[in-house]
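All of the numbers you see were taken from the coordinates with simple rules; none came from a lab. As the structure is a prediction and not an experimental result, all values here were calculated from the model. Note that each Cβ is placed from the backbone with ideal geometry, even for glycine, and that neighbours are counted across all protein chains shown.
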Amino acid sequence: MACKDEYSSIVEPTRRLCTDPIERVSNAVAALAGRALTLEDYHQFLLDAAALLAPARPVIVGGGKHGSEARWRVGGRTLAISGGDRPDMPLVSVSFVDTEHAEDEEFREVKWGLIQDTPFHWAIFLGPETPEDVWVKRCGCLCYNWELFDEVFDPVFRSLPHDLAKLPPAWRPQIVYQWDMSVTALGVVTVRATVDGVQISSDVTGDSVTLPPGFQMGIGRILAGLAQGAPLRDVRFLESRGFSIGPTSLTGRETPELLQQIAWMEEHNWDEFGPDTEHNRCPGLTFDDLRTAVALAAGDAEEEPRPRTTRDNPVPMRAGLTTEQLQWLVQQWLGGAPIADLLTRGLGGENGTYLTKQAIVCTDWAAYQPEHNGEWAIIVSPAEGEEWNDDQQVAGAAWQLCTTLTNMVGPAFAGRTTSHFAYTRFFRVGERALSVDTLLGLRLRLGSFEEMKAFYPRD
């Protein structure tokens, strides 16, 4: 693959020689950096990554706070690839993290967190299920009233057309849900998600409406309306196809013990989702009403401009500290030397301010003590006013520094690389940690692992 920019030219030779599959996939993003990518480019990147990472096979997850992504278990780490939040912005983002840490954190979020904080609500296995997939099953959620249904199903189906569009066509399953709506005259109501939108149809009346991508009325409001306000437990869930694991609702075959538990949770407002009563019934809705709402939404739709991939008129990066000097700083700090002394006596810094904070400053670098996420943060070529550094140069400098750190302390614990020149790496060194990112310039953070681990790179 030909490389045409500085960042790519730095990374490409090593990319070809690197034996670590995670770093090879991460480095491959550099060949895409700054380009106006198409959705087909993103599809090809996924397919190439899958070929490189085989025999590990991808698991697609989505519906949660991190959006949809393709994941691979590679050794003791998990690699994830995701695209942009909009169909017209196929950003390519590659992130990775220590698998044990990630799954422990996600288990805690699923077990103890709020529904809206769950990392994902569905999964698609591209291949046979393995014992390692057991943890993924925890994302399944049983909905037993309309408020909980809204909270889970609405974000899933609102994003599904885009989530499916981001998958290569060969990876896309048919996502179909069916409910028995005999409580009305609609019979079996089918909800089908495609790249073109979400189709809702009745097998009795023959009515069918397709909600376009981005349609704001939630699927919970729609189904509750079509059910004419009947409780969710009276709208029996029949089946779903396409998801290996996904949200469901009551089927009428639940055990008395489970129903008793649900009744207790609703009575005590355990999950803060109100039970289906006369006081919180959804207004009735017909297919004609739904068609009218879709037509009105289509008339109000406005085309948004495509986001830019680079900043206008960037200024050249000013390297106030070299990679060698930063390497020396890390070595001395790991050896127990105080950072403040290293920055002043060793590197010539003086007391000053940076972003209204007390800091140690020098020509083209600044260091401060953050309130969270680290003991010290050192910024090389800090952005000033309305001026921003050249993204390519900063990303290249970050890549060089992280290559040096990898040789010093071993592979990164977590990291992220994107086609918009974002580059982060998080290293664990015993009870200490260091991270590199490109947020405000080239930034190096030093601190304790326990404090910094909560801030490992995520999309």
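Put in order of Cβ neighbour count within 10 Å, fewest first, the listed residues ASP98, ASP133, ASP341 become ASP341, ASP133, ASP98. Net charge in the neighbourhood of LEU186 (other residues with Cβ under 12 Å of its Cβ; Lys, Arg +1, Asp, Glu -1) is -3.
Can you grab the distance from the C-alpha centre of the range 246-277 to the C-alpha centre of the range 147-193, Å, no decimals? The two parts, judged by their Cα centres, are 21 Å apart. A simple spin-label model places the labels of GLU239 and ASP48 4.0 nm from each other, with each point 7 Å out along Cα-to-Cβ. For the chain, lysine pairs with C-alpha atoms less than 30 angstrom apart, excluding pairs fewer than eight positions apart on the same chain, total 12. Backbone geometry of the range 337-344 corresponds, through the Karplus equation with coefficients 6.51, -1.76 and 1.60 at θ = phi - 60°, to 3J(HN,Hα) couplings of 6, x, 4, 4, 5, 4, 6, 8 Hz, x marking Gly and Pro.
Taking a point 7 Å out from the Cα of THR205 in the direction of its Cβ, the residues of the range 248-285 whose backbone N falls within less than 11 Å of it are 285.
With neighbours defined as other Cβ atoms within 10 Å of a residue's Cβ, the residues TYR368, TYR354, TYR42 order from fewest to most as TYR354, TYR368, TYR42. In terms of overall dimensions, the C-alpha atoms belonging to the range 323-455 reach 36, 34, 27 Å along their principal axes, ordered largest to smallest. I want the local charge near ARG253. Using Cβ-Cβ distances under 15 Å, sum +1 for each Lys or Arg and -1 for each Asp or Glu among the other residues. With Lys, Arg at +1 and Asp, Glu at -1, the net is -3. Net charge dipole, the chain: roughly 1240 debye, given to the nearest 20, about the Cα centre with Cβ charges of +1 for Lys and Arg and -1 for Asp and Glu.
The fraction of Cα-Cα pairs per 10 angstrom bin, counted from 0 for the range 141-300, comes to 10, 39, 35, 14, 2 percent, rounded to whole percents. For the chain, the 222 nm mean residue ellipticity estimated from helices alone, with every DSSP H stretch of n ≥ 4 adding -39500 (n - 2.57) and the total spread over all residues, rounds to -9500 deg cm²/dmol.
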